[in-house]
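Inspection log for the structure reproduced underneath, given as structure tokens.
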Amino acid sequence: MSTGIAIRHVQHVDHEDREVRSDLTAFVGVVTRSRWPRRARAGDFIELPLSDLDAFVAHPARPFFDAATRLAVRAFFANGGRSCTLFGVCIESSDDLVRADRVRRVLRPTLARLTDDEDLSLLVMPPLAYLPLESRDPAVPAPGHHAVRLLLQHCQAMTSRFLILDAPRDMGDEGITAWVEALRAEPDVDPSYGAIYHPWLRRGDRAVAPAGAVAGVYARADADNAPYGVRVAPANLPLRGGFTHLDAPLSWNDARAMVEVGVNPIMEQAGRGLVVWGARTLSSDPRWQHVASRRIVSFVTERVRRDAEWVVFEHQRPELWETVARMVRSRLDGFWSAGLLTGQSAGSEYLVQCDEELNPPAVQEAGQVHFRVMLRPISTTEFIEVELQLGA
């Protein structure tokens with residue numbers, strides 16, 4: 001079964017070997033009406049590239065951002081995050097984050113900007129978890145459901161971006177499970193591009209949603225195991241940043257039940273403190289249930305795409321297809337040597353196809369080159385087929 005990846009945005013030749021980073025994070029916060037910069041309108045946004053917490057603390061635009069996002073950025077750097085870009089979207093009211101029509105309208109400019117930056121790999125939108133619940137009925141999705149749906153669609157379209165989610169604080173286990181099922185049921189959403197974490201964390205008397213800290217754990221694990229940190233599951237790692245306990249302690253049975261339904265628990269462990277204890281995506285598909293599987297395939301796809309950008313400007317001929325297949329196999333050999341792919345030897349458990357079957361006259365006339373990769377990430381027993389379509 002194909003993942004349906006279609007890449008069509010290459011417009012120029014670039015022979016530079018651009019590094020693929022898996023630890024660069026985007027935070028999407030909000031700027032409420034009373035804090036808008038002069039002449040701002042709903043949907044306008046502030047963008048801050050940050051290399052450390054001190055740069056954020058000292059920045060004159062910091063007070064514009066909502067408190068949830070400020071806390072998440074602090075937790076990100078405290079947990080080993082090294083670089084992030086912070087976006088603050090101007091909103092009229094919380095309805096801009098809840099109502100489907102307003103969500104799409106207000107987030108469109110920021111998502112367009114995020115689409116232009118191919119290097120950002122992790123995505124977090126902290127204020128969604130702080131929206132008040134509209135109902136205690138488990139059948140009613142979280143108030144940020146439409147925004148989450150849009151963010152998952154964005155990650156899916158980018159193919160190499162992953163969404164880290166919080167569960168709303170007062171949403172019980174039954175409600176969280178129902179929400180995960182609702183996201184899986186969306187017809188135009190691939191839930192493997194996101195993961196959800198629960199419960200909230202405590203720093204003294206203050207409750208904090210965990211996604212910012214967890215994003216730091218992802219970034220720390222990736223950077224510590226660079227250049228192929230995606231092979232390491234962001235789990236069984238302690239949280240830093242002065243968090244003292246969980247907002248709602250979990251038993252081992254609670255944690256096991258959460259993992260089974262696709263929710264990643266955070267546990268308290270003697271001598272270790274708070275520990276991320278799960279690495280499941282929102283997907284129920286066995287191929288995509290593990291965060292590492294999704295991120296390995298995304299990483300491989302993005303690296304191969306960048307390698308092959310030059311292809312769209314070449315004349316279509318069998319020699320070109322052979323060159324593409326050889327180039328991709330060479331890159332996969334490197335990934336196998338680094339431990340991202342399974343197999344007793346290089347090439348024994350991955351295949352590359354680029355030939356006349358995939359590139360009939362209609363594809364050639366459209367100025368496209370299609371190729372197919374079959375591989376198995378180390379974290380799954382399932383083989384995964386990826387089809388890439390390169391073209392102007």
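The values are calculated or read from the model by the stated rules, or taken from the named source; none is laboratory data. Keep in mind it's a predicted model, so treat the numbers as computed, not measured. Please note: Cβ atoms are built from the backbone with ideal geometry, for glycine as well, and neighbour counts cover all protein chains shown.
Look through Val148, Val106 and report the one residue that is within 27 Å of Ala292 (Cβ to Cβ), touching a strand residue (DSSP E or B) at 6+ places or on another chain (Cβ under 7 Å) and of a type in the set (Val, Ile, Thr). Explain how you work it out, then say what you get.
Working: Val106 fails: within 27 Å of Ala292 (Cβ to Cβ).
Going through Val148, Val106 in turn, the sole match is Val148.
Does Leu150 satisfy the criteria of being in the same structural domain as Ser51 (by TED's automatic domain parsing), modelled with pLDDT of 95 or more and not in a helix (DSSP H, G or I)? Full working, then the answer.
Values: in the same structural domain as Ser51 (by TED's automatic domain parsing): yes; modelled with pLDDT of 95 or more: yes; not in a helix (DSSP H, G or I): no.
When the stated conditions are applied, Leu150 does not pass them.
Is there any pair with a first residue in segment 100-118 that is among the basic types (Lys, Arg) and a second that is surrounded by 14 or more Cβ atoms within 10 Å (Cβ to Cβ) and part of a loop (DSSP other than H, G, I, E, B) whose Cβ atoms are under 9 Å apart and which are 6 or more apart or on different chains, and what are they?
Sorted first by the residue in segment 100-118, then by its partner, the pairs are Arg102/Ala42; Arg102/Ile91; Arg102/Glu92; Arg105/Ala42; Arg105/Gly43; Arg108/Gly43.
Mind telling me which of the residues Ser330, Ser298, Ser293, Ser284 ends up being of a type in the set (Ser, Thr, Tyr) and in a loop (DSSP other than H, G, I, E, B)?
Ser284
Please give the helices (runs of 4 or more DSSP H) falling wholly within segment 28-140 in which 1 or more residues are farther than 30 Å from Tyr228 by Cα and acidic (Asp, Glu).
On the way: elements: 53-57, 67-78, 100-116.
Qualifying helices (runs of 4 or more DSSP H): 100-116.
With the checklist (1) surrounded by fewer than 21 Cβ atoms within 10 Å (Cβ to Cβ); (2) in contact with a Ser or Thr (Cβ under 8 Å, 6 or more places away or on another chain); (3) β-branched (Val, Ile, Thr) in hand, flag the one item Val124 doesn't pass.
(1)
Among the residues of segment 81-95 satisfying the criterion of being crowded, with 21+ Cβ neighbours inside 10 Å and not β-branched (Val, Ile, Thr), which is farthest from Ser34 (Cα to Cα)?
If we filter segment 81-95 for residues that are crowded, with 21+ Cβ neighbours inside 10 Å, which is where we start, we get 81, 84, 86-91.
Still in the running and not β-branched (Val, Ile, Thr): 81, 84, 86-88, 90.
On the way: Gly81: 30, Cys84: 26, Leu86: 19, Phe87: 17, Gly88: 14, Cys90: 10 Å.
Once the filter is applied, the top-ranked residue is Gly81.
Of all residues in segment 172-209, how many are β-branched (Val, Ile, Thr) and in contact with a His (Cβ under 9 Å, 6 or more places away or on another chain)?
Taking segment 172-209 as the starting set, the residues that turn out to be β-branched (Val, Ile, Thr) are 176-177, 180, 189, 196, 208.
Still in the list and also in contact with a His (Cβ under 9 Å, 6 or more places away or on another chain): 176.
Final tally of qualifying residues: 1.
Does Thr115 satisfy being farther than 21 Å from Val276 by Cβ, surrounded by fewer than 16 Cβ atoms within 10 Å (Cβ to Cβ) and not aliphatic (A, V, I, L, M)?
Numbers: farther than 21 Å from Val276 by Cβ: yes; surrounded by fewer than 16 Cβ atoms within 10 Å (Cβ to Cβ): yes; not aliphatic (A, V, I, L, M): yes.
Yes; evaluated as a whole, the condition is true for this residue.
Please count how many residues of segment 295-318 are in contact with a Leu (Cβ under 8 Å, 6 or more places away or on another chain) and either at positive phi or hydroxyl-bearing (Ser, Thr, Tyr) (or both).
Of the residues in segment 295-318, the ones in contact with a Leu (Cβ under 8 Å, 6 or more places away or on another chain) are 296-297, 299-301, 304-305, 308-309, 311-312, 314.
Cutting the leftovers down to either at positive phi or hydroxyl-bearing (Ser, Thr, Tyr) (or both) gives us 301.
The number of residues fulfilling the criteria is 1.
Could you check Gly278 against (1) modelled with pLDDT of 95 or more; (2) under 14 Å from Ala211 (Cα atoms) and say which number it fails?
Unmet condition: (1).
Considering only segment 188-235, give the strands (runs of 3 or more DSSP E) lying wholly within it that have at least 1 residues that are at pLDDT 95 or above and of a type in the set (Phe, Trp, Tyr).
Values: elements: 194-198, 201-203, 206-208.
Output list reads 194-198.
Name the residues in segment 36-61 that are modelled with pLDDT of 95 or more and among the charged types (D, E, K, R), would you?
Those that are modelled with pLDDT of 95 or more and among the charged types (D, E, K, R): Arg41, Asp44, Glu47, Asp52, Asp54.
Across segment 181-197, which residue is nearest to Val140 (Cα to Cα) among those that are of a type in the set (A, V, I, L, M) and either within 13 Å of the chain's Cα centre (by Cα) or surrounded by 24 or more Cβ atoms within 10 Å (Cβ to Cβ) (or both)? Reasoning before the result, please.
First, pick out the residues of segment 181-197 that are of a type in the set (A, V, I, L, M): 182-183, 185, 189, 195-196.
Checking the rest, the ones that are also either within 13 Å of the chain's Cα centre (by Cα) or surrounded by 24 or more Cβ atoms within 10 Å (Cβ to Cβ) (or both) come to 195-196.
On the way: Ala195: 20, Ile196: 17 Å.
Result: Ile196.
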